1. Taking the Cβ of residue 309 as the centre, find all other residues whose Cβ is under 15 Å away and add up their charges (Lys, Arg: +1; Asp, Glu: -1).
2. Compute and list, largest first, the equivalent-ellipsoid semi-axes of segment 217-310 from the alpha carbon gyration tensor, each √(5λ) rounded to a whole angstrom.
3. To the nearest 0.05, how large is the calculated FRET efficiency for residue 5 and residue 309 if R₀ is 30 Å and r is the Cβ-Cβ distance?
4. Taking the radius of gyration and the Kirkwood hydrodynamic radius from Cα positions alone, what is the Rg/Rh ratio for the chain, to two decimal places?
5. How much of the accessible area of the chain, in percent, comes from carbon and sulfur atoms when a 1.4 Å probe is used?
6. With r as the distance between the Cβ atoms of residue 126 and residue 294 and R0 = 45 Å, compute the FRET efficiency 1/(1 + (r/R0)^6) and round to 0.05.
7. Using the Karplus curve 6.51 cos²θ - 1.76 cosθ + 1.60 with θ = phi - 60°, work out ³J(HN,Hα) for each residue of segment 100-114 in order, rounded to whole Hz, and write x for Gly and Pro.
8. For residue 300, what accessible area in Å² do you get when you roll a 1.4 Å probe over the heavy atoms of the protein chains, rounding to the nearest 10?
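The values are calculated or read from the model by the stated rules, or taken from the named source; none is laboratory data. These numbers were taken from a predicted model, which means no experiment stands behind them. As a convention, Cβ positions derive from the backbone with ideal geometry for all residues, glycine included, and neighbour counts pool all protein chains shown. These accessible areas exclude ligands, DNA and RNA; they are computed on the full protein's heavy atoms, side chains included. Shrake-Rupley method; radii C 1.70, N 1.55, O 1.52, S 1.80 Å.
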Amino acid sequence: MWPEAAQQSLQLMLARVNSVLLGKEQVVSQVFGALLAGGHVLLEDVPGVGKTLLVRAIARVIGGEFRRIQFTSDMQPADVVGGMVWDGKRGELIFRQGPLMANVVLADEINRTPPRTQSALLEAMEERSVSADGETRPLPVPFMLLATQNPLRDDGTYPLPEAQLDRFMLRLSIGYPSPEDEIGMLASGRQRLLPELLRPVIVPEEWMRMQKDAQSVHVHPALLAYAVHIVGTTRTSPELQLGASPRATLDWIRASQAAAYVAGRRYVVPDDMKQMAEPVLAHRLLMKDEAWARGKTPAKVLDDILSAAPVPMPASESGRRR
């Protein structure tokens, strides 16, 4: 098992977030897994199901600096990354930090802003830095971006390009609560739904150590070969115009390692791979028009590929690190 203090902190963070977002334990666990793997998360769902609530709660329990960006159609790249402004007192230009300069950043309704502003996030998501006025500045460590978008209406939205979708480790949907959880939400009152009432569990330095531990989880070579086979099959599927990238393969392994870490294990098991397959891979697949016409979706095509290739079952003696 991992150090007891780290596991206790992780379980406490999960419990506190689940206390404000009722009945969504799997989604919460997957988001924490992606962040422990050093990835970014896209929450795509209808309004009012708790996307922003979830991000604010996670930011509170992790600690560090949190900033929210409400994307709009008139937002410019400098509004996100920052830029040079005139300081009248000093009589010179100084750099004004943009809202990306934080540990946890919520990009709310990311598809409401034009592609030029969306592209300002690409360097931040991949390189953990921003460039403005010819100078590159590193982002705070750790840096985690969680974005939300509403998939229902296209009016006034700009679809995320494939290059940007590929930089989100996971795309998740929260979904509506069960009747029991919705009754519990109503009975507990609005006070329970305030993430501001949550207290930080750790500091960013502790989170960095937990990320390092998650990245050291052992993956059996048979599972590595399985991941490469599945991703390779998406690239040759007659129903897909675009398959998953090598970045997707790496993200799938890293997300599976983090899922094992959240479960308290030092090694990945097949169930970790299954749990993370669709959230990591489906949003990176581009369907052909004829497949859409037949009612196929990226998730369904991926499920067919996974069903045709059973997950290997490594022997227990070689499937874990002593």
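1. On the way: positive: 235, 274; negative: 278, 303, 304.
Summing Lys/Arg as +1 and Asp/Glu as -1 gives -1.
2. Values: eigenvalues 133, 27, 23 Å².
Whole-Å semi-axes of the equivalent ellipsoid: 26, 12, 11.
3. Details: r = 39 Å, r/R0 = 1.31.
My answer for the efficiency is 0.15.
4. Details: Rg = 20.5 Å, Rh = 20.9 Å.
That ratio is 0.98, to two decimals.
5. Working: 8200 of 15320 Å².
Answer for the chain is 54 percent, counting heavy atoms of protein chains only.
6. Numbers: r = 35 Å, r/R0 = 0.78.
E(calc), rounded to 0.05, equals 0.80.
7. 5, 7, 8, 6, 10, 10, 9, 9, 7, 6, 4, 7, 8, 10, x
8. Counting only protein heavy atoms, residue 300 exposes about 90 Å² to solvent.
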